[in-house]
Amino acid sequence: MLFRSAHCTVHFAELNGAPVAVKMLTLRATNDPVAVRDLECEADLMVNMRHPNVLRLLGTGSSDGCLFLVIDRLSSTLAEALAKPGTAIFPQRAYAKAWPLHKALRSAAEIARALAYIHEGAFEGHRLVHRDLKPDNIGVSPDGHMVLFDFGLAKLVPTEAAAAEEAARMMTGQTGSVRYMAPEVALNKPYGASADVYSFVCVLYQMVAHEKPYNWMDIETIYKNVFYGEQRPSLQKGWPAPLQELFEECWYHNPERRPQMKDVASKLAAMAENSSTT
């Protein structure tokens with residue numbers, strides 16, 4: 001078995017001699033209608049997406065009446081690649097060497113392009129809000145590229161203003177991981193694709209700062225200081241000014257002030273290009 005989550009397992013397999021992975025529900029989850037529906041919805045979404053930085057669905061099937069997904073095999077997750085700093089096995093200095101700024105920016109630009117695609121290019125008339133963006137749900141392909149996956153909690157939101165506002169009110173709050181969760185999601189307020197923008201920049205922070213966002217806080221403190229108090233992680237003075245500006249823009253407490261992912265992707269691509277030539 002390659003991976004296990006609360007409701008699913010992912011196994012190594014081969015399809016026509018090529019390495020693939022198979023995602024299926026755990027035995028316990030097969031009797032959970034919510035888990036079954038989430039996997040079915042994920043399959044319906046993935047079959048319509050084609051992007052180099054979005055995990056590809058190769059096919060579906062069923063075993064004992066239970067759906068499974070056949071997907072591209074990944075080398076690891078971003079969470080695994082971002083090895084924990086400050087340990088005897090992988091100290092902070094070695095971690096920083098493995099993830100220099102230019103690599104983090106280049107990889108982040110790929111993630112941003114994937115999010116821009118699901119927000120504006122994948123579904124005509126709709127944005128797909130991932131709702132659970134974190135390093136565990138970003139993969140590393142065998143050739144080292146970033147791949148967005150796990151659309152079990154993703155929701156389609158109409159791009160038409162009135163319908164989008166209504167859809168935002170209907171989406172469940174407190175969805176995802178607290179350390180990467182947008183304030184409006186944590187506080188059960190209406191939200192849309194800009195919640196992914198906030199979550200993305202939390203992932204970006206982990207990639208360039210070499211530590212998890214709010215790593216020094218427990219959940220209660222995050223609610224008090226971050227979601228209500230609007231505190232954000234400190235930015236390092238040595239980071240390029242455009243990068244610091246991007247953090248501040250994406251971390252706005254007011255979701256309407258955050259940039260769209262296509263603009264974030266463009267800025268990161270430019271930063272990555274500049275960092276590779278200096």
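The values are calculated or read from the model by the stated rules, or taken from the named source; none is laboratory data. Just so you know, these numbers come straight off a predicted model, no measurement behind them. Quick reminder, even Gly has a Cβ in these numbers, built from the backbone with ideal geometry, and neighbours come from all protein chains shown. Keep in mind that these areas ignore ligands, DNA and RNA; they rest on the heavy atoms of the full protein, side chains included. Shrake-Rupley method; radii C 1.70, N 1.55, O 1.52, S 1.80 Å.
Per residue, the accessible area of the chain comes to 50 Å² when a 1.4 Å probe rolls over the protein heavy atoms. Amide H contacts under 5 Å for residue 8: 26, restricted to partners 5 or more places along the chain or on a different chain, H placed in the peptide plane at 1.01 Å from N. Over 18 Å apart at the Cα level, from the set 103/262; 103/267; 189/212; 134/237; 97/134, are 103/262; 189/212; 134/237; 97/134.
Of the solvent-accessible surface of the range 102-193, computed with a 1.4 Å probe and all protein chains present, 50% belongs to carbon and sulfur.
Other residues whose C-beta falls under 12 angstrom from the C-beta of residue 154 contribute a net charge of -3, scoring Lys and Arg +1 and Asp and Glu -1.
For residue 76 and residue 13, what is the calculated FRET efficiency with R₀ set at 25 Å and r taken between the beta-carbons, to the nearest 0.05?
0.90
Scanning residues 5 or more positions from residue 139 or on other chains, those with amide H under 5 Å from its amide H are 78, 147, 148, 149, with H placed 1.01 Å from N in the peptide plane.
Looking at 209, 193, 105, which one has the Cα that reaches farthest to the positive end of the dipole of the chain (charges on Cβ: Lys, Arg +1; Asp, Glu -1)? About the Cα centre, the residue reaching furthest to the positive side is 209.
With Cα atoms defining each centre, the range 202-278 and the range 154-200 are spaced 18 Å apart in the structure. Taking amide H atoms as placed 1.01 Å from N in the peptide plane, the amide H of residue 15 lies under 5 Å from those of 20, each 5 or more residues away in sequence or on another chain. Near residue 78, once Lys and Arg are set to +1 and Asp and Glu to -1 for all other residues with Cβ below 9 Å from its Cβ, the sum equals -1.
Placing 38, 143 in order of accessible area, with the largest value first and a 1.4 Å probe, yields 143, 38.
If you take all other residues with their beta carbon under 15 Å from the beta carbon of residue 118, and give Lys and Arg +1 and Asp and Glu -1, the sum is -1. Pair-distance distribution P(r) for the chain, from all Cα-Cα distances in 5 Å bins starting at 0: 1, 5, 12, 16, 18, 17, 14, 9, 4, 2, 0, 0 percent. Each label point was placed 7 Å from the Cα along the Cα-to-Cβ direction; for residue 187 and residue 244 their separation is 2.7 nm. Using only side-chain charges placed at the Cβ, +1 for Lys and Arg and -1 for Asp and Glu, the dipole size of the range 90-225 relative to its Cα centre rounds to 500 debye.
Model label points for residue 270 and residue 34, set 7 angstrom from Cα along the Cα-to-Cβ axis, are 4.3 nm apart. In the chain, the calculated helix contribution to ellipticity at 222 nm averages -11500 deg cm²/dmol per residue, counting -39,500 (n - 2.57) for every DSSP H run with n ≥ 4. Computed over the Cα atoms of the range 110-175, the ratio of the radius of gyration to the Kirkwood radius (Rg/Rh) comes to 1.02.
Per residue, the convex hull spanned by the alpha carbons of the range 183-250 comes to 86 Å³.
Give the calculated FRET efficiency between residue 235 and residue 260 to the nearest 0.05, with a Förster radius of 22 Å applied to their Cβ-Cβ distance. That gives a FRET efficiency of 0.50. Converting phi to 3J(HN,Hα) with the Karplus coefficients 6.51, -1.76 and 1.60 and the offset θ = phi - 60°, the range 204-220 yields 4, 4, 4, 6, 9, 8, 6, 7, 5, x, 6, 4, 8, 10, 8, 4, 4 Hz in sequence order, with x at every glycine or proline. Hey, quick one: spin label on residue 124, modelled 7 Å out along Cα-Cβ, who in the range 48-64 has an amide N within reach, i.e. under 15 Å? Output list for this probe position: 48-49.
Across the chain, C-alpha contacts under 8 Å between residues 6 or more apart give a mean separation that, scaled by the residue count, equals a relative contact order of 17 percent.
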